[in-house]
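Engineer: The structure's right below; bear with me while I get my questions together.
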Amino acid sequence: MPVVTLVGLLADVSLTPTPGDLPGSNVLQQVTNGLAGWALVLAVAGLVVGAAAWALGAHSQNFHQSLVGRRVVLVSALAALLVGAAPAIVNFFFHAGQGVR
């Protein structure tokens with residue numbers, strides 16, 4: 001009988017994330033914001049370097065350098081997209097997970 005009661009209690013578990021309830025939550029939010037800022041700065045630097053390599057490779061008929069530059073531009077753009085969309089992606093999957101019954 002105690003097993004049935006334990007299963008009944010576990011079936012009613014709920015989750016309401018409130019980061020402000022833990023000490024140091026504001027520091028964690030600041031660290032996350034700072035990391036996102038650095039990631040965007042690095043994405044811009046990669047975009048500029050990749051574009052320069054792409055242009056130099058294209059003008060010097062160096063196919064490999066042009067390909068590497070193009071790849072760096074695309075990866076930097078994708079990184080910036082993911083950094084910007086990260087909160088929406090996490091929230092989407094969290095809300096999708098809440099819909100599982």
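Engineer: Checking the structure you have, find out if any residue of segment 49-69 is touching a Phe, Trp or Tyr at 6+ places or on another chain (Cβ under 6 Å), part of a helix (DSSP H, G or I) and either modelled with pLDDT of 95 or more or among the aliphatic types (A, V, I, L, M) (or both). I'd like the intermediate steps shown before the answer.
Structural biologist: Just the residues of segment 49-69 that are touching a Phe, Trp or Tyr at 6+ places or on another chain (Cβ under 6 Å), to begin with: 66, 69.
Filter again for part of a helix (DSSP H, G or I), leaving 66, 69.
Keeping just the survivors that are either modelled with pLDDT of 95 or more or among the aliphatic types (A, V, I, L, M) (or both) gives 66, 69.
The answer is yes, given that some residue of segment 49-69 is touching a Phe, Trp or Tyr at 6+ places or on another chain (Cβ under 6 Å), part of a helix (DSSP H, G or I) and either modelled with pLDDT of 95 or more or among the aliphatic types (A, V, I, L, M) (or both).
Engineer: Related question: Based on what the data block shows, is Val83 surrounded by fewer than 14 Cβ atoms within 10 Å (Cβ to Cβ), touching a residue at least 12 places away in the same chain (Cβ under 8 Å) and hydrophobic (A, V, I, L, M, F, W, C)? It would help to see each step written out before you state the result.
Structural biologist: Working: surrounded by fewer than 14 Cβ atoms within 10 Å (Cβ to Cβ): no; touching a residue at least 12 places away in the same chain (Cβ under 8 Å): yes; hydrophobic (A, V, I, L, M, F, W, C): yes.
When the stated conditions are applied, Val83 does not pass them.
Engineer: Check Asn26, Asn33 and return the single one that is modelled with pLDDT under 95 and assigned to a helix (DSSP H, G or I).
Structural biologist: On the way: Asn33 fails: modelled with pLDDT under 95.
Only one candidate passes the filter, namely Asn26.
Engineer: Also, I was wondering about something else. For segment 30-44, what are the residues that are touching a helix residue (DSSP H, G or I) at 6+ places or on another chain (Cβ under 8 Å), free of Cβ contacts under 8 Å to residues at least 40 places away in the same chain and either among the acidic types (Asp, Glu) or open to solvent by less than 100 Å² (accessible area, probe 1.4 Å) (or both)? Spell out how you get there, then give the answer.
Structural biologist: To start, the set of residues in segment 30-44 that are touching a helix residue (DSSP H, G or I) at 6+ places or on another chain (Cβ under 8 Å) comprises 36, 39-40, 42-44.
Going one step further and asking which of them are free of Cβ contacts under 8 Å to residues at least 40 places away in the same chain, we end up with 42, 44.
Val44, the sole residue that qualifies.
Engineer: Could you tell me whether segment 52-64 includes any residue that is exposed (fewer than 14 other Cβ atoms within 10 Å of the Cβ) and aromatic (Phe, Trp, Tyr)?
Structural biologist: yes
The values are calculated or read from the model by the stated rules, or taken from the named source; none is laboratory data. Since this is a predicted model, take the numbers as computed values, not measurements. Using ideal geometry, Cβ is built from the backbone for each residue, glycine included, and neighbour counts are taken over all protein chains shown. Please note that ligands, DNA and RNA were not included when accessible areas were found on the heavy atoms of the full protein model with its side chains. Shrake-Rupley method; radii C 1.70, N 1.55, O 1.52, S 1.80 Å.
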